[in-house]
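> Take this structure, written in structure tokens, and hold onto it; I'll ask about it next.
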Amino acid sequence: MAVSSKRSTLIPLPMDSSSSCMQPSLRGKRKRALSDGRFPALPAPPLRAQGEVLALPAPNDATCRMKGEPEFELNVLLPDGNNIVLHEKLDKKLKVNDFICKVRKAITEAGIKSSVKWEKQIHLEDLEGFQVKDGKIFDANEPKRILFLQDGRTRSVHSMQDMWNVTPDPELLASLPQEYTVETALADLLDNSLQAVWANLPNERRLIRVTLMKDKIMIFDSGPGMDSSTENSIAKWGTMGSSKHRNVRILAIGGKPPFLQPYFGMYGFGGLTAAMHLGSVAIVSSKTKRSKKVVSLKIEKETLIERCKMERSWKIAGEYREPTEEEIRRSPHGSFTKVELSSLRKGTMWTEKQVMCMLKDIYFPYIQCDASDSPQGTFTPVEFQVNETNLTEIDGGEVALTNMASCVGVPFTIDIHLRRTDQLSDISFDCANARIRCSYFPIKQGKESIDTILEALLEEGSKIKETFHNFCRVSIRRLGRLLPDARWGRLPFMVPKRIRGEKSGTPKICYERVKAFVDTDAGFVPTTSKMDLLGGHIFTCFLRNLGTRGNIPENITYGIYRDTKQIKLQELEKEYEDWIREMHDLYDEEAVCNDDPDFYVMGNPEEFGFSQEIYRIYSRLNRKGIVWKQGMKIRFLKGIPGQKNKDFYATIEYFLSDGLSEDKGNTKVICRPMDVAKAEGSRVVVEDEIVLYKLGKSKVIPIDFLALDKCVILEERDWMRVSLNRHLVEPGDIDILDSNAIRSLGLSGGVTNIVTAGIQPFDNIYAVIRPNSFLKLSQERKNLDSFDQKYIIRRPLEMKLEIKCLNVSRQYLMDEKIGRDSDCIYIISNEECIKNVHGFHCFRFSNADSQNFFTKAGKYMLTFSVSEAVSILLQKTLQVTVLPSNKVSRWMLKYLSGSDIPIVRLGCEVGPLLVCCVDEYNNLQDVEFPLEAAFEVWDDANKLNVNVMVGQMTQQEDEATSVIIQGTRLINGSLSGIAEDCCVALKLVISNECVASIPIKVLPGQMDHVQVFSAQCLDNCLQTGDIIHTLTLQVMDCFGNHVERGCKVILELNNLEFQDSQGYDRLFPVFETTIFKREDTRRKNESFVLEVDGNGCIKLGGLLKVIGPFNTKARINVYDENRRPLFFQEFQLKRRRLQISSKVPDNFASASVLKDVIVEVIDENGKIDNTMTGHHHLIKVNGLEDNIYQLREGSCCIHTIQLPDQEGIWCCQIYHVKYRELKAEIKLNLLSSFEHQEVFVSSTNDDTAVPNVVLPGKSGAHGGPSSEQQGVLQDILERIENHKRKVDIVSDKLTKGVEELSKLIHRKETEADRVAQLEGEVESLHAQAQGEAHGVSIKNKFDRKELTAERITQEISKTTLPAKFFIEAFCSDFFLSTNAGNFHSADIVGVVCLLATAENETISRALADFLGQENMLAVVCRTHEAADLLIRLDKNGAVDESWGLYHYVKMKNQVFEGTIRIFILEDMKPYDGDLDEVHAQRLLNIEQPSCNGLVPEGFLGYAVNLLHVNDEHLNFRIQNGNHGGLRGSLLYNLLKDLQVYDSRKNLLKAKGVLKTGGLSLDGGVVREEGCEDFGH
């Protein structure tokens, strides 16, 4: 028995080159589908095997069945969601219990954690829900079988990953519909449901129900359903190319119109394409009548796409479950299919009304069908519901409105039978049938019925943009289903045929009042989206060209029948024209104008409700036997538009008719109301042979109101009588009552014409409206009672008062900062009844809107107006003058040069200045001249010691309200204590009192000199490579003030250069002094342009490095921008020399060896320089390549120097490798030598008795030593052996001492570097504290170690382009200067690679390799607002290249082609554990790894704790709860619990305790995902 695990795999099928979807021939045959989101663009899998539905696991190599031995694959689905696959040989006697025991054993061996209740009554079921009996486990017809294991649970669900194989035919992917929309997708899903329910038995319910929810769409149908069988598999629903309806399309050929045979399937795209276009998740559940289980599949778009990238087949999850009660209730016969779509795409949300109307239009014959052979007339083939509403109950939709708006006459209907004679294609039939049904839409009451349809569609919310003339005249239904995009114009036989010279009796516009519905069978081929007929198909071409003037295609035979009678094309057009004439005579209601119109006009048809651009103007009209003419006086009875409650008196001006004369279109009557003058009515204007019609104040009346039951023709005398009576009672004037008339009524009020500011000219105003009769009697000088009711109109008219400032005086307008709420106010009167007399209009001014209105000097206009509806009947005006007040409130001082805040340097002029005074309402008062005034300069509440000289005063021309002061100068003064922004107040002092002030910026005077603010001792203290740690220069003006921030000076260096004193472990060279290289000069003399900080200082501490040699001088020069010298300082560098302290004889033997030459470095005091020690100080002998000696405390010993074998003067130079100026020379006279000679050079400082021995090359005259010589020689040899033993002992001690000394030296260097680093930080903190004490606001919030410009250039040149320019921009203070004042710039933290340092280079390199270049070069920001300073998108979603980093790159004339990663700290999940508060770096308290209770060997620590973070990043909080600073946010998110070991060996030993991976210092990496990296 072979067992496979729970997760199954499918054996990949080989890809044949001929079936590949990337084959060029397929691209040529079919257009590839678009991948812009209109449908899911998925990778094409291989062609799958025919009939393969279930994606069951395949046996492995060890259990492959032998040849000739049949083997069955049994997939057992467990009730807890797991599954197990067994491979068994056929055993017809196998009992169920024995098989269950094998299943249980296989589950245990596979290690599957199962919750099956084995102690319960367990049994097996097949796919249809029937219990499997003994001996029936195997089915010879089903080698791969699925069985359900039941343990007694109610409503158990059996699921399996990769259950269904929905791999499509690759050719289909190349022919997906190009015009695919969300409406098309929804219709495709409903097509599947309609096809399903159509197969139900007559007594079974045909239900299609669409449920719309906020985030879900559900489609339910009561069709036969699907199961897991090969023929009826649910997998075919989700597989493109598996539609079974394509094979039965032949059944939809022929039949009776409207051809209700919904076999729509042609291309086999299935539900997968439609579902994935609507939403990214689809769950399909289905059940057949025979099965007891509901089978389902789940399609997830994202998972499917990922699966396609990794595997060569499309496999999706599925399950088997029990049906719900709701599903049983909706489908009583026991079968159904339900599709649930979620995670809907944008544009998929409709309103319930829109979906109802859309579905009713598409499936109208299936919802309510009119059949002549049906006894009930109209019946419902299928029950369509949307959210419990039956679609037969709604009246919306274009099709329903069209049916209701057509006339009751008999429609024009023809039947067409087609047959083609050419060679068939793979998707076509040789015959087709269609029915064309034309309906007539008459003009009713002067309005086209089609216009009524369009208005109703717009009220429903339809987005239709068609008009009467471009309205769809032909709609196509294929098999009863509407093709929404098939909105054709008229067919050729529907267009009127005219013979030149012949005048038809039927107007041409009548042909536009027809709409045709074409019902076709399956012979007509639709597009892939089923939205229109296929354009190039022969049957489509025939239909589009139906008529004698159409281009009927060849290779086709056809028959046209009307009422079972076959007719020809000529007869078709004749009968159609007769039918049009009949409909026109019976149902059209038109007005008849004289044959020749007065004018033809083009333009503004919508003003008259016309649909054509051209309309006609008539002066006569004959309607229903009555001739109506221009100038007739008409009284229209109540009911016309706009005058429904009273009669309307008007004069006929013109008759307007839509279109040309032969169109007989809509007709309107143009009438001028009685109260409108003739000049204000409509008129025809001819300009440059162009006829224009202007309506004026005339009214447009529909033609149907021009009838004797709706209007009366008046005689002239009746018209004049009505006109006179209406004129006398009409309003004629507005009478504003004066104070005497108001007092006579016992009231108070009235208007005062002249007042001063702050005094209201009136409290209450009373006015009445006088009729024209009152004016007429007043002209006749009759004594009238002005308060008689008959002389006061009491109609409900609205009187409004508008109070407006005509010309507020210049005294008020000069102050731009003083504004006003409104230039005018509006007050509506209250109509009152006084002494039983109605019609008094009272205006009260006690409200807050008007109480402060009359405070500004000037003239005010009071306008009274009477209006009715929207027209103004009467107007009357009064004028009021407001004078300024005499009370002076305050003085004003203003700068006249246009700048808001003037900028003035000490010693320069400010002005001109304007001085004036205003009253309490800001009205200017006259100023006495000359003015006794002075000026003072104040900073907040402190007066500054700045002397101000008042300039010349002049009075403004033609104005006594202001004085102009010119030439005011700031003579001198001290600016100590002034704010950093240099903003102060210039105060005007009059009579020893500050009365006014303006803000100004006072800057120091011009640069005068530079003083040393702070400096270390420089003379005889520095050497090559030393850093000047403390040096600050301050630039001063001639008044003793330091210059302002940003002033530029030129710094010239000799034997110095800019350099970072603390290495590359700092983040950025962020210092307040910004450096720009001025010119490309030589190394010894360079010039730079510098900007001073807020204290006027140039901070050079830690930036300058000595590059000059020993025994020379260095120089610092400072100039202003005009090269005027400001500062000069020169200092002596250290004096050093190299000398040979050993005594070297003048004469030596050639070819001998010079030994133990002592070399020393002597300082200026003649002592040995002990500081020159270590591997940086090496001594080399010229000519000896391999002999390099290291100085130890200023001296070294050159053990051997081989002398040449030539005789004569020999010179040898000894020099310092780094400092070439330190050198010494050995000069010897070489003489002839013996065969061998060694010379020991004794040191002048060494008292040890080491003999200088010269061994002769010859022993004696006779060649043999004497006895005396032998004794001496023996004694010498013994002494040499003793010395050798002593040398060995001393050598061992010396070796150990050297090793110990090396360790001490290394420790000393480390401590020295640390001390230098701490000194730099202390100096930085001290400088920062000094700046804060002086009130200096430091713009840059980052406190990082400083890099030299040279080192930065080297580092950023190695990076990618985005990070390179970001680092360069940040180093150059670009973002701070660009976003000055934007506090978000402080939230740009920096680049990852420069935010922290490691203990040594090995750890640093290992962590950098682990994180990768993309993370190391990522930019870190605290907030999203800070990230927006770097990169910003424009309104179109593209990158704004005029902003941030892109703008900086553009300024460098470079192209930004790469990408840059940005980390947003506020979005990161912080470390939530404890911190080591005792440690200075506040490390994370992560539990140490433990292996058998011990820390693993070689464990160095967690990577996140091995990094050094700057102080400002240790304590800052990103969000609430984060107290770990940068280490607890960014570093922890990048490194997690990454462990660091010393070697690969120890790393591999500790793999069992790794949580999120580990790395070793020799290149080993174990990642979290399980992969391991090893290398150098």
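> Using a basic spin-label model with each label point 7 Å from the Cα along Cα→Cβ, how many nm lie between SER867 and ARG844?
2.3
> Once a ≥ b ≥ c are taken as the square roots of the eigenvalues of the Cα gyration tensor of segment 635-694, is the result rounded (a/c under 1.5), prolate (a/b larger than b/c) or oblate (a/b not larger than b/c)?
Judged from the Cα gyration tensor, segment 635-694 comes out oblate (a/c at least 1.5, b/c at or above a/b).
> Here is a follow-up. Tell me which lysines have Cα within less than 28 Å of LYS1549's Cα, excluding those fewer than 8 residues away on the same chain?
The reachable lysines, counting only those whose Cα sits under 28 Å from LYS1549, are LYS1536.
> Separate question: Using modelled backbone amide H atoms (1.01 Å from N, in-plane), which distant-in-sequence or interchain residues come within less than 5 Å of GLU730's amide H?
Long-range HN contacts for GLU730: ASN772.
> R0 = 30 Å: FRET efficiency of SER1141 with VAL1478, Cβ-based, nearest 0.05? Working shown, then result.
Numbers: r = 53 Å, r/R0 = 1.75.
It comes to 0.05.
> Please find the FRET efficiency linking LEU458 to GLU352, where r is the Cβ-Cβ separation and R0 is fixed at 22 Å, and quote it to the nearest 0.05. Don't skip to the answer; put the middle values down first.
Working: r = 18 Å, r/R0 = 0.84.
With R0 = 22 Å, the Cβ-Cβ based efficiency is 0.75.
> Which stretch or stretches of segment 876-906 have amide N atoms under 19 Å from the point lying 7 Å from VAL755's Cα along the Cα→Cβ direction?
877-887
> Length gain on complete extension for the stretch LYS1469 to LYS644, per 0.36 nm per residue less the alpha carbon to alpha carbon distance?
289.9 nm
> Another question, then. Given a Förster distance of 25 angstrom, what is the FRET efficiency for GLN1488 paired with LEU1548, based on the Cβ-Cβ distance and rounded to 0.05?
Result of the calculation: an efficiency of 0.85.
> In Å², what does the accessible area per residue of segment 378-482 work out to with a 1.4 Å probe?
That works out to 43 Å² for each residue.
> Now for a different question. I want to check the label-to-label distance for TYR558 and ARG581. Put each point 7 Å from Cα in the C-beta direction and report it in nm to one decimal.
2.5
> Solvent-accessible area per residue for segment 1104-1182 at a 1.4 Å probe radius, Å²?
Heavy-atom accessible area per residue stands at 46 Å².
> If you take every residue apart from PHE441 with its C-beta less than 12 Å away from the C-beta of PHE441, what net charge results, scoring Lys and Arg +1 and Asp and Glu -1? Please report the intermediate quantities before stating the final value.
On the way: positive: LYS444, LYS447, ARG473, ARG513, LYS515; negative: GLU448, ASP451, GLU512, ASP588.
Local charge sum for PHE441: +1.
> Follow-up. Sort 1101-1111, 549-559, 988-998 by packing, meaning the average of other beta carbons within 10 Å per residue, with the highest value first.
The densest-packed peptide leads the list: 1101-1111, 988-998, 549-559.
> Same structure again: Ranked highest first by the average count of other Cβ atoms within 10 Å around their residues, in what order do 99-105, 743-749 fall? Numbers along the way, then the final one.
Details: 99-105: 17.0, 743-749: 13.4.
Packing order, densest peptide first, comes out as 99-105, 743-749.
> Testing the spin-label approximation: label points 7 Å from Cα along Cα→Cβ at LEU1301 and GLU993. State their distance in nm.
Once both label points are built, they end up 8.9 nm from each other.
> Mind running the shape call on segment 1111-1224? Use the C-alpha gyration tensor, a ≥ b ≥ c as the square roots of the eigenvalues: rounded below 1.5 for a/c, prolate if a/b tops b/c, oblate otherwise.
Note, shape of segment 1111-1224 comes out prolate.
The values are calculated or read from the model by the stated rules, or taken from the named source; none is laboratory data. Here the structure is a predicted model, which means the values were calculated and not measured. Positions of Cβ are generated from backbone atoms using ideal geometry, with glycine treated the same way; all protein chains shown enter the neighbour counts. For the accessible areas, the whole protein counts, side chains as well, though only heavy atoms, and no ligand, DNA or RNA atoms are used. Shrake-Rupley method; radii C 1.70, N 1.55, O 1.52, S 1.80 Å.
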